[in-house]
1. Indicate, rounded to the nearest 5 percent, the antiparallel portion of the DSSP beta bridges found entirely in region 213-302.
2. Taking square-rooted eigenvalues a ≥ b ≥ c of the alpha carbon gyration tensor, is the chain rounded, prolate or oblate, where a/c under 1.5 means rounded and, failing that, a/b exceeding b/c means prolate?
3. Could you identify which residue out of Arg184, Arg369, Arg387 has the top mean-square fluctuation in a GNM of the chain using Cα springs shorter than 10 Å?
4. Taking only C-alpha pairs under 8 Å that are 6+ residues apart, what is the relative contact order of region 303-446 in percent?
5. Could you check what % of the DSSP bridge pairs in the chain are antiparallel, to the nearest 5?
6. What is the local net charge at Ala234, summed over the other residues whose Cβ is closer than 14 Å to its Cβ (Lys, Arg +1; Asp, Glu -1)?
7. If you take the square roots of the eigenvalues of the alpha-carbon gyration tensor of region 328-446 and sort them as a ≥ b ≥ c, do you get rounded (a/c under 1.5), prolate (a/b over b/c) or oblate?
8. Among Trp125, Trp130, Trp402, rank each residue by its count of other Cβ atoms within 10 Å, from fewest to most, as a rough exposure measure.
Amino acid sequence: MTPKAPGNGGASPGAERSTDPYLPRHGNGGYRVLHYDLELDYQVPPNRLAGRATVTAVAGQALSRFTLDLGRFRIQGVRVDGRPAKFDHRPAKLQIRPERPIAAGETFRVEIRYAGSPVPISGRWGELGWEELTDGALVASQPNGSPSWFPCNDHPAAKATFRVALTTASPYTVLVTGDLVSRRRGAGSTTWVYERHEPTSPYLMSVQIGRYDLVDLAVGGVVQRAAIPRAVRAAAAHDFGRHGEIMEVLQRLFGPYPFGEYVVVVADDDLDDPVEAQGMAVFGRNHVDGRRTHERLVVHELAHQWFGNSLTVADWRHIWLNEGFATYAEWLWSGVRGGLPTDALAAQWYSRVAARPRDVVVADPGIDRMFDPIVYKRGALTVHALRRQVGEEPFFALLRSWVAEHRHATVTTGEFRAHAQRFARQPLDGLFDAWLDSRALPPFPR
């Protein structure tokens, strides 16, 4: 963990720190969240959200105060272990002073009641988090949009379990990352209750609200469903028609799918890019054309369920571990399914990367470049170079064991380098130094 930025508020002096070097104002120290229980009531028009969040956490050391990340809501009350607590809500931070100090190692519960009109978190990547659609809402929080809809410890390594109960008007379908455990219909409204038992980063929790048809994407094996606007249902049936096969291929390459089901949502609005959530991917209707133009993105988002969601980066410096592997999964699928061979795609992208300035260090690209295409493509080329170095059988064995050994945990580049070395006959330091730590572009791997 890295030291918290001055003025960030939070834990008592000397407490554990939980902030990211790229996003020092997100994340909070002194405790570890175990579980979030969210009771939400949402009115589509006029975009009003009322919430009660119960956060169960364990103190890393004695706490006289602590903070949570939360956007611009009206706070109606805070309780710690059932007792009223003092609080101060400034932009992005909710500072809480319990009636009595919390002892080191003690498990405690915080209840926050809040309400308002949820708005995305604005920043260098646009607007992230809760977003109004033409007729509904979606949540896409990577990397720091989670406080737009619930109080949390907004750090990728701060995984916890979730229960989300959301009530809205009955004509709307609600999908939340997790398993649907109940649906209760009332007078004009329906309450949907989802549970996420796997440890999950706050940014990977998602809510989707819209007028959707629910369809199956595959028969047998992993449950694969889709929520599709009726107007694009025919085109989506073709575009996602090979989804069951994609799932089978990725499981063969990477190991068992890490969650109970997979849900694809096609929002009834255009989106700049698809986005992954835990056990879910969200596409815009512009990504559906009936010609499988964007099938590589279908593969990319599914691959994130292994690389990014089950295995989550310990902090955002290591993002190539998400995007490099998801991009390489696109190339692998192309080779398996009869498109361009993986080698040809690697060579094609090597030429494109070579034509770009050498100004990104993949292992630590910096906050301004963490979503740069070079991180994605050169990250994938790093994976390809590793495959060439260690050989086919050891390469896929190391991928499957990497996924299995770190299931539902957090990972770093250093851990991956050490893991890969176990499967190599020769030292890999030179390969990783050249591809990940240097701006200069190594020769194409043969």
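1. Of the beta bridges lying entirely in region 213-302, close to 40 percent run antiparallel.
2. Since a/c reaches 1.5 but b/c is at least a/b, the shape of the chain is classed as oblate.
3. Result for the chain, Cα springs under 10 Å: Arg184 fluctuates most.
4. Working: 174 pairs, mean separation 48.3, N = 144.
Averaging sequence separation for qualifying contacts and normalising by length gives 34 percent for region 303-446.
5. Percentage antiparallel, nearest 5: 80.
6. Here the charged neighbours net out to +2.
7. Verdict is rounded for region 328-446.
8. Working: Trp125 14, Trp130 27, Trp402 24.
By the 10 Å Cβ count, ascending, the order reads Trp125, Trp402, Trp130.
Laboratory data are not the source of any read-out in this text; all were calculated from the coordinates shown. Note that the structure is predicted; figures quoted are calculated from it, not measured. Note: ideal-geometry Cβ built from the backbone for every residue, glycine included; neighbour counts use all protein chains shown.
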